[in-house]
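Asker: This is the structure I have questions about; it appears just below.
The values are calculated or read from the model by the stated rules, or taken from the named source; none is laboratory data. Computed from a predicted model, the values in this text were never measured in an experiment. Glycine also receives a Cβ, built like all others from the backbone with ideal geometry; neighbour counts cover every protein chain displayed. Heads up: the accessible areas ignore ligands, DNA and RNA and are worked out on the full protein's heavy atoms, side chains in. Shrake-Rupley method; radii C 1.70, N 1.55, O 1.52, S 1.80 Å.
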Amino acid sequence: MKTQTTKIAVIFLILSIVSCNTVKRVGDNELLLTQNNIYVNGKREKGERLHNLMSQHPNNALLGFNLKLHLYNLATPKSDSAFTDWLYRKEKRKKRLSRLLSEKQVIELGRSVVGFNNWLMETGEPPVIIEETGAQKSKDRLSLYYNSKGYFNNKVTFSIDSIPNKKKQGEVNYHVTTGNPYFIDSITKKIASPDIDSIYNRYNSRNLIKQGEQFDLAHFEAERERINSILTNTGIYQFQPNSSVHFNVLRDTVASNEDYKMPVEIEINNRYERVGDTVKEVPYKIHHIKNVNIYADYTFGMEQESLDSITYDRFTIYFRNKLRYKPKALADAVAITPGSLYREIDRSRTYRQISNLNTFKYPNIEYRYARGTDDSLNTNIYLSHRPKFSLGLNTDISHSNIQDVGISFSTSLISRNVFRGAETLEVSARGTIGSSREASNPHDRFFNISEFGGDIRLNFPRIFFPISTDRIIPKYMLPETRISVGSSFQRNIGLDKQSFNTILRYNWTPSYRKKHSFELINIEFIRNLNVDRYFQVYQNSYERLNHIAGNTSTNPTYFDDGGDLLIPDGARQFTRDALSGGIGGITPGSEDYRTISSIEERRRRLSANNLIFASNFTYTHNTRRGTSDNTFSQFKAKLETAGNFLSAASQLIDFNKNDQDKKLVFDVQYSQYVKTELDFIKHLQVSSRGIFAFRSFFGLAIPYGNATNIPFSRSYFAGGTNDNRAWQAYSLGPGRTNARNDFNEANLKIALNLEYRFNIMGSLNGAFFVDAGNIWNTLDDVDDEDAVFTGLSSLKDIALGSGFGFRYDFGFFVIRLDTGFKTYNPAEPMEKRWFRDYNFGNAVYNIGINYPF
């Protein structure tokens, strides 16, 4: 009954919104704006650039439906007085309600009605009424825009027209006649300062204003910025681009010239300075840095006479009582050097380098003229240190394919300036407790799985290497060395993995777009503590093995009372007998034999301990300039090799070997492989509230030498919240296999994702997406033809999923709900792959945090 009532309420709300009159709040002599039409020289223009110039825009629509307008129209104007009128409209209504509810509840009912109406009006959007003053403003903007593009004789008209058969609805039509464009003729210059004239001539070949090009105001603004950047980085101090740089176009010439050419004069004046009641002209000069003073313990009101000082590499460092930092650490963070030209980029780099130390608050840098000069500057850099120690604590609630619900916590202690060189030491601990239906739960506890770990990280603000790298990685690239040691322990998760890792990483950033990361040492040791649980964790493998065993005549002690193989002893003994020829009907080459052999190979691989001794290099190129930049691209390339150092060491050290003739280190077979990954992301803002997001990924890991397969932790899987959302994580592939294993993984992956994101209303956003991709085995020890990538013909096994999603933006994170439908399923026979499970019953519902890419 409750479900039926809910359905009726939802249907009633939908019908109320749909049936609501669009022009309910539009007056008799008013028109609701439905569209702006812009015609340029008789041709209709639909581009966002021109439509963004409009002062009035139609109400927002989702798939042609004005949801926010309908919500607004549902609200009752002056709802407080309307409720009062309704309450007293009938003589005994208030008395009956008070007797039924109570006097206090009637008052609360009124407040609820008012609150609901306010929500409708705030969430909704009032109708956009066409205003002639708004159309006139849009007309002026269009005219100014075409003026900025060189169409100085353009003409713009507009008309407000009602729409036939649509009551109180209208549109505004703008007609633009551009006329002929004007082109730049001769370019001359007029520069007051000899120093600037010399600098300008040196860089004149890079001028952004070109003779013969069509006039474009944007090029002139870009040229002003170019001049400012060049001059402020070649010694010109206090340059004022807006008041000093002018572009003079002879208007009389423009008006009378029939060949539509216009001469341009680039004028750079001196700056002006107010002295008392008079304004004095001050010629621009090239400035040099005379002294650089670093105040290492600055506090407001500090007097210089009370400080001690030392000189290091021409820097003067002031401090109180005792200098806490090595002079070299401070000097290396400062890009401004005595004797150099004044350069604004050096100031920016100094800000960036000092902030990157994570030891000081944001620094204050000031320039003052050296005594008795007008072209020499003293630089004062004021540093205020952060607290020596800081403590952090975070908690989180998570959901994954392993745990139904998990609560995690982490804490970290940061110690700064550990060795007086601005180093930071971070000690962190983390833990997760969760609930999983897959894990064993003999005591019927809700929280039946856990994972705990800790890390120690030491950061150096320089490349820590025996050989100097200053020439190839200068300090403005923010070089950093990170040494970390960590460990984690799992209980009741999989095979109860215990891992230890050690990393030596170098990071440097040549520019805001480019970043390099080189892990010279990346050692990971993985130990499985509870391998006897293998067939409890990997149920698909157990069911296949159990099915074969049930159809054979084998030792009855291998089975429990229900006729299933005992775990682990029964399954282990049956496998051993089958592969040694001890069970009738299972012979080498038979299908059952191949299946049992494949299950055993996978069991040995996934239950074995792993030792990974790797090195990798990652290059990232990101054009995004901030969180508000929605048109950008990111490319990431990674190359990793493992086992080569140990393989070279084996030439000098006689390592032990296992029964497969593979070398062992501490009784563990070490992995050897080469791995490469290419990841490309592109975002394109196509409208004010619409974004296309695209991602492509390719990954390949090839084992060789001491390994015939890739460790599970370094392999690839498909499906899940951030991959192909029509499949659960680990349930897609390899190839055209139908989720044969519990955790399907392989060593080759291709993934393609396309998503259109749009705003629905307020902080609620929507998306339509298409995901494609799969994983395969290649060049390893897997010989299943359904799982192996054999060439271009295997691309027909790329899975395709599509769907839609909703995202709610809380500002600091986004909650995401995506619904994925299997559109093309390679696990099905070829004639049944398209749209077979394209319904809500077989859909996959993904809950995620933040955007997938």
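Asker: Restricting segment 62-74 to residues that are more than 21 Å from Asn117 (Cα to Cα) and in a loop (DSSP other than H, G, I, E, B), which is least open to solvent (accessible area, probe 1.4 Å)?
Answerer: By that ranking, first place goes to Gly64.
Asker: Here is a follow-up. Got at least one residue in segment 135-154 being in contact with a Gly (Cβ under 8 Å, 6 or more places away or on another chain), surrounded by 13 or more Cβ atoms within 10 Å (Cβ to Cβ) and aliphatic (A, V, I, L, M)? Outline the logic, then answer.
Answerer: Residues of segment 135-154 in contact with a Gly (Cβ under 8 Å, 6 or more places away or on another chain): 151-154.
From what's left, surrounded by 13 or more Cβ atoms within 10 Å (Cβ to Cβ): 151-154.
Subsequent filtering for residues that are aliphatic (A, V, I, L, M) retains none.
Scanning segment 135-154 turns up no residue that is in contact with a Gly (Cβ under 8 Å, 6 or more places away or on another chain), surrounded by 13 or more Cβ atoms within 10 Å (Cβ to Cβ) and aliphatic (A, V, I, L, M).
Asker: Then there is this: Restricting the search to segment 36-49, which residues are open to solvent by 70 Å² or more (accessible area, probe 1.4 Å) and either charged (D, E, K, R) or not in a loop (DSSP other than H, G, I, E, B) (or both)?
Answerer: Residues satisfying the conditions are Lys43, Arg44, Lys46, Glu48, Arg49.
Asker: Answer yes if at least one residue in segment 621-643 is aromatic (Phe, Trp, Tyr) and either over 15 Å from Gln669 (Cα atoms) or surrounded by fewer than 17 Cβ atoms within 10 Å (Cβ to Cβ) (or both), and no otherwise.
Answerer: Of all residues in segment 621-643, those aromatic (Phe, Trp, Tyr) come to 632, 635.
Narrowing the set further to residues that are either over 15 Å from Gln669 (Cα atoms) or surrounded by fewer than 17 Cβ atoms within 10 Å (Cβ to Cβ) (or both) leaves 632, 635.
Scanning segment 621-643, I find at least one residue that is aromatic (Phe, Trp, Tyr) and either over 15 Å from Gln669 (Cα atoms) or surrounded by fewer than 17 Cβ atoms within 10 Å (Cβ to Cβ) (or both), so the answer is yes.
Asker: OK, next. Can you tell me which residues in segment 266-294 are assigned to a strand (DSSP E or B) and either touching a His at 6+ places or on another chain (Cβ under 7 Å) or within 30 Å of Lys328 (Cα to Cα) (or both)?
Answerer: Residues of segment 266-294 assigned to a strand (DSSP E or B): 266-268, 271-275, 278-282, 286, 288-294.
Correct list: Glu267, Ile286, His288, Ile289, Lys290, Asn291, Val292, Asn293, Ile294.
Asker: Out of the strands (runs of 3 or more DSSP E) lying entirely within segment 391-482, which hold 1 or more residues that are of a type in the set (Val, Ile, Thr), under 25 Å from Ala296 (Cβ atoms) and at pLDDT 90 or above? First the steps, then the outcome.
Answerer: Values: elements: 405-416, 424-435, 449-460.
Strands (runs of 3 or more DSSP E) meeting the threshold: 405-416, 424-435.
Asker: Identify the residue in segment 359-383 that is open to solvent by less than 40 Å² (accessible area, probe 1.4 Å) and assigned to a loop (DSSP other than H, G, I, E, B) and, among all such residues, is nearest to Thr299 (Cα to Cα).
Answerer: For segment 359-383, the residue satisfying everything is Leu383.
Asker: Scan segment 626-685 for residues that are of a type in the set (S, T, N, Q), under 29 Å from the mean Cα position of the chain (by Cα) and under 21 Å from Phe712 (Cα atoms) and report the count.
Answerer: Looking only at segment 626-685, we keep the residues that are of a type in the set (S, T, N, Q), and these are 627-628, 630-631, 633-634, 641, 644, 647, 650-651, 656, 658, 660, 669, 671-672, 676, 685.
Applying the additional criterion that residues be under 29 Å from the mean Cα position of the chain (by Cα) yields 627-628, 630-631, 633-634, 641, 676, 685.
From what's left, under 21 Å from Phe712 (Cα atoms): 641, 676.
Residues meeting the conditions: 2.
Asker: Looking only at segment 815-833, which residues are buried (at least 19 other Cβ atoms within 10 Å of the Cβ) and under 14 Å from Lys796 (Cβ atoms)?
Answerer: First, pick out the residues of segment 815-833 that are buried (at least 19 other Cβ atoms within 10 Å of the Cβ): 816, 818, 820-827, 833.
Residues satisfying the conditions are Tyr824, Asn825, Pro826, Ala827, Arg833.
Asker: Starting from segment 179-192, take each residue that is open to solvent by less than 40 Å² (accessible area, probe 1.4 Å) and list its partners that are among the small types (Gly, Ala, Ser), counting only C-beta distances under 9 angstrom and pairs at least six apart or across chains.
Answerer: Going by the 9 Å Cβ cut-off, the qualifying pairs are Pro181/Gly150; Tyr182/Gly150; Ile184/Gly150; Ile184/Gly212.
Asker: A further question follows. Looking only at residues that are under 31 Å from the mean Cα position of the chain (by Cα) and of a type in the set (Val, Ile, Thr) in segment 779-816, which one is nearest to Gly848 (Cα to Cα)?
Answerer: The extreme case among them is Ile815.
Asker: From Tyr534, Tyr558, Tyr542, which residue is aromatic (Phe, Trp, Tyr), under 22 Å from Asn744 (Cα atoms) and at pLDDT 90 or above?
Answerer: Working: Tyr534 fails: at pLDDT 90 or above; Tyr558 fails: under 22 Å from Asn744 (Cα atoms).
Answer to the selection: Tyr542.
Asker: Still on this structure: When only residues in segment 302-336 that are touching a strand residue (DSSP E or B) at 6+ places or on another chain (Cβ under 6 Å) and in a loop (DSSP other than H, G, I, E, B) count, which is farthest from Glu366 (Cα to Cα)?
Answerer: Leu307
Asker: Kindly state which strands (runs of 3 or more DSSP E) lie completely within segment 84-199 and contain at least 3 residues that are within 30 Å of Arg271 (Cβ to Cβ). First the steps, then the outcome.
Answerer: Details: elements: 155-162, 169-177, 183-191.
Where strands (runs of 3 or more DSSP E) fall fully within segment 84-199 and carry at least 3 residues being within 30 Å of Arg271 (Cβ to Cβ), they are 183-191.
Asker: Scanning segment 694-711 for residues that are open to solvent by less than 20 Å² (accessible area, probe 1.4 Å) and in contact with a helix residue (DSSP H, G or I) (Cβ under 9 Å, 6 or more places away or on another chain), which turns out farthest from Ala827 (Cα to Cα)? Break it down stepwise before answering.
Answerer: Of the residues in segment 694-711, the ones open to solvent by less than 20 Å² (accessible area, probe 1.4 Å) are 699, 701, 703, 706-707, 710-711.
Next, from what is left, pick out any that are in contact with a helix residue (DSSP H, G or I) (Cβ under 9 Å, 6 or more places away or on another chain): 701, 706, 711.
Numbers: Ala701: 24, Asn706: 33, Pro711: 25 Å.
Once the filter is applied, the top-ranked residue is Asn706.
Asker: In addition: Taking the residues in segment 672-693 that are modelled with pLDDT of 95 or more and of a type in the set (Ser, Thr, Tyr) as candidates, determine which candidate is surrounded by the fewest Cβ atoms within 10 Å (Cβ to Cβ).
Answerer: Thr676
Asker: Now for a different question. So Lys663 ticks every box in (1) within 23 Å of Asp771 (Cα to Cα); (2) surrounded by 15 or more Cβ atoms within 10 Å (Cβ to Cβ) but one. Which box is left unticked?
Answerer: For Lys663, the exception is condition (1).
Asker: Would segment 92-111 turn up any residue that is surrounded by 13 or more Cβ atoms within 10 Å (Cβ to Cβ) and touching an Asp or Glu at 6+ places or on another chain (Cβ under 8 Å)?
Answerer: yes
Asker: Select from segment 827-853 the residues that are part of a strand (DSSP E or B) and in contact (Cβ under 8 Å) with a residue 24 or more places away in the chain and list them in ascending order. Even if it seems obvious, please write down each step before you answer.
Answerer: Taking segment 827-853 as the starting set, the residues that turn out to be part of a strand (DSSP E or B) are 834, 844-849.
Passing the criteria: Val844, Tyr845, Asn846, Ile847, Gly848, Ile849.
Asker: Suppose we keep only residues that are of a type outside the set (A, V, I, L, M) and within 23 Å of Thr133 (Cβ to Cβ) within segment 59-71. Which one would you say is modelled with the lowest pLDDT?
Answerer: Within segment 59-71, the subset of a type outside the set (A, V, I, L, M) is 59-60, 64-66, 68, 70.
Now drop any that are not within 23 Å of Thr133 (Cβ to Cβ), which leaves 59-60.
Numbers: Asn59: 88, Asn60: 84.
Result: Asn60.
Asker: Considering only segment 712-814, give the strands (runs of 3 or more DSSP E) lying wholly within it that have at least 1 residues that are acidic (Asp, Glu) and open to solvent by less than 10 Å² (accessible area, probe 1.4 Å). It would help to see each step written out before you state the result.
Answerer: Values: elements: 748-761, 764-776, 799-809.
Fully inside segment 712-814 and qualifying: 748-761, 764-776.
Asker: Could you check segment 480-515 and list, in sequence order, the residues that are open to solvent by less than 50 Å² (accessible area, probe 1.4 Å) and polar (S, T, N, Q)?
Answerer: Within segment 480-515, Thr481, Ser484, Ser487, Ser488, Gln490, Asn492, Gln498, Ser499, Asn501, Asn507, Thr509, Ser511 meet the criteria.
Table: residues versus (1) closer than 30 Å to Lys149 by Cα; (2) modelled with pLDDT of 80 or more; (3) not charged (D, E, K, R).
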{"residue": "Val23", "(1), (2), (3)": "no, yes, yes"}
{"residue": "Leu32", "(1), (2), (3)": "no, yes, yes"}
{"residue": "Gly42", "(1), (2), (3)": "yes, yes, yes"}
{"residue": "Gly47", "(1), (2), (3)": "yes, yes, yes"}
{"residue": "His51", "(1), (2), (3)": "yes, yes, yes"}
{"residue": "His57", "(1), (2), (3)": "yes, yes, yes"}
{"residue": "Lys90", "(1), (2), (3)": "no, yes, no"}
{"residue": "Gln105", "(1), (2), (3)": "no, yes, yes"}
{"residue": "Glu108", "(1), (2), (3)": "no, yes, no"}
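Asker: Looking at Asn356 and the list (1) open to solvent by less than 50 Å² (accessible area, probe 1.4 Å); (2) within 18 Å of Phe460 (Cα to Cα); (3) not hydroxyl-bearing (Ser, Thr, Tyr), which single condition is not satisfied?
Answerer: Single failed check for Asn356: (1).
Asker: So how many residues does segment 558-608 have that are within 30 Å of Glu519 (Cβ to Cβ) and not in a helix (DSSP H, G or I)? Lay out the reasoning, then the answer.
Answerer: First, the residues of segment 558-608 that are within 30 Å of Glu519 (Cβ to Cβ): 602, 604-608.
The next check asks that each one be not in a helix (DSSP H, G or I); those that pass are 608.
Summing the residues that are within 30 Å of Glu519 (Cβ to Cβ) and not in a helix (DSSP H, G or I) in segment 558-608 gives 1.
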